[in-house]
Amino acid sequence: MKIPALIAALLMSAACALHAEEKVVVYNWAEYIPESTLQDFEKETGIKVEYSTYENNEVMYSKLKLQQGKGYDIVVPSSYLVSKMRNEGLLQKIDHKKLTNLRNLSISLMNKPYDPGNEYSIPYLWGSTGIALNSKEIDPASITSWADLWDAKWQGKLLLVDDVREVFNMALKKHGFSTNSTNPDEIKTAYEDLQKLMPNVRVFNADAPREPFLAGDVNLGMIWSGEAIMAQKENPDIKYIYPKEGAGFWVDSFTIPVGAEHADNAHKFIDYMLKADVGKKVVEELGYSTPNGASRDLLDEATRNNPTIFPPAEAIDKGEFQNDIGDAMKLYDGYWEKLKTGK
């Protein structure tokens, strides 16, 4: 090969390598960022988004653990998992100086015990897990608590979200225990009660719990608040109920895995998602609560005052936010496997 040709080939190879780096690899819950938002980010920054999804926290965690924190630039764990992933060395620190829009976030959802100083996580969305029902088929006044789902008349008719912490939260709160219990006796009591509930369960769903409601396959069950809002856009008869024992609450946050190959682009992605107008669009399309005070100020009054999106104080007081439960998670996982397999 002639020298000029060799130089040209090397320059082309370097250019291709540089171009290949202009991307960000995002691993997130299904239907958790509007497609148009990803497209707008690409147009504004020139950074291509490679996007894949998972069904629940456990799937994401297991994959990231197996890959030793490599393969993705952004993952979006729930609050209780942030501290676990941080302690296991799966996450890298986030450079706040690269986040010009960090000031938009409400301090009420910052600096939590699972990540003091938000060194490893930046809040994205938060919400609740409660009860959904089709008011054309079921009187909303007849369902006020988690305990109502155990009624034998719902045999083979319920939907549960496919998430171990969410399902156990329901049973723990039913017995007056903490969502974050690490007491083996309390966890066992919740498991034994969930065994009694299993005949009522028609389906577990983690991708889009609203879909079985909209299809008419179920009329009662657990649901995430944002899924309830999206369901109501298509069918106003779908109602959302905060159980009197207390709903489950969670915060999902942007994190950067320790093995991220495009960490700088990950910071750019997070900063873009913190823009006020972007946060507004996310709430309007997905129906979850935003920790972004600047975004909330842009919402119309009806959205800001929607109790399903922004829970009333009394609902928050009765419920609990999920925290890391340490080694007790192994006990939950063991019972969960037995519940799912019927063994």
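The values are calculated or read from the model by the stated rules, or taken from the named source; none is laboratory data. Remember, it's a predicted structure, so these values are computed and weren't measured experimentally. Neighbour counts run over all protein chains shown; Cβ positions are idealised from the backbone, glycine included.
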Across the range 59-89, what is the number of residues that are among the acidic types (Asp, Glu) and surrounded by fewer than 18 Cβ atoms within 10 Å (Cβ to Cβ)?
-> 1
Exception for TYR124 within (1) closer than 23 Å to ALA206 by Cβ; (2) part of a helix (DSSP H, G or I); (3) of a type in the set (Ser, Thr, Tyr); (4) modelled with pLDDT of 95 or more falls at (2)
Look through TYR72, TYR120 and report the one residue that is farther than 28 Å from ASN219 by Cα, out of contact with any helix residue (DSSP H, G or I) (no Cβ under 6 Å at 6 or more places or on another chain) and among the aromatic types (Phe, Trp, Tyr).
-> TYR72
Name the residues in the range 53-82 that are touching a residue at least 12 places away in the same chain (Cβ under 8 Å) and of a type in the set (A, V, I, L, M), would you?
-> MET60, LEU64, ILE74, VAL75, VAL76, LEU81, VAL82
Just give me the residues in the range 41-52 being buried (at least 16 other Cβ atoms within 10 Å of the Cβ) and either within 30 Å of LEU331 (Cα to Cα) or out of contact with any Lys or Arg (no Cβ under 8 Å at 6 or more places or on another chain) (or both), in sequence order.
-> PHE41
Of the numbered conditions (1) buried (at least 19 other Cβ atoms within 10 Å of the Cβ); (2) under 17 Å from the mean Cα position of the chain (by Cα); (3) in contact (Cβ under 8 Å) with a residue 60 or more places away in the chain, ALA208 fails exactly one; give the number of that condition.
-> (1)
Residue among GLY221, GLY216 that is surrounded by 23 or more Cβ atoms within 10 Å (Cβ to Cβ) and either assigned by TED's automatic domain parsing to the domain that holds ASP324 or without any contact (Cβ under 8 Å) to a residue 60 or more places away in the chain (or both) = GLY221
Does TRP146 meet the test of being outside the structural domain of SER83 (by TED's automatic domain parsing), surrounded by fewer than 19 Cβ atoms within 10 Å (Cβ to Cβ), aromatic (Phe, Trp, Tyr) and at pLDDT 95 or above?
-> no
Hits in the range 292-343 - residues which are over 17 Å from VAL167 (Cβ atoms), surrounded by 13 or more Cβ atoms within 10 Å (Cβ to Cβ) and charged (D, E, K, R) | ARG296, ARG304, LYS318, ASP324
Checked against (1) in contact (Cβ under 8 Å) with a residue 40 or more places away in the chain; (2) surrounded by fewer than 19 Cβ atoms within 10 Å (Cβ to Cβ), ASP139 satisfies every condition except (1)
Sort out which residues of the range 90-121 are closer than 27 Å to ALA228 by Cβ, surrounded by fewer than 19 Cβ atoms within 10 Å (Cβ to Cβ) and in contact with a strand residue (DSSP E or B) (Cβ under 9 Å, 6 or more places away or on another chain), and write them in order of number.
-> SER106, MET110
Report the residue count in the range 122-170 for those that are of a type in the set (D, E, K, R) and closer than 21 Å to ALA231 by Cα.
-> 7
Test set (1) surrounded by fewer than 24 Cβ atoms within 10 Å (Cβ to Cβ); (2) more than 18 Å from the chain's Cα centre (by Cα); (3) touching a residue at least 24 places away in the same chain (Cβ under 8 Å) - MET230 fails condition number = (2)
Name the strands (runs of 3 or more DSSP E) wholly inside the range 147-258 in which the number of residues that are over 28 Å from LEU105 (Cβ atoms) and not polar (S, T, N, Q) is 3 or more.
-> 158-161, 201-205, 220-224, 238-241
Is it the case that some residue within the range 252-274 is aromatic (Phe, Trp, Tyr), crowded, with 21+ Cβ neighbours inside 10 Å and more than 19 Å from THR100 (Cα to Cα)?
-> no
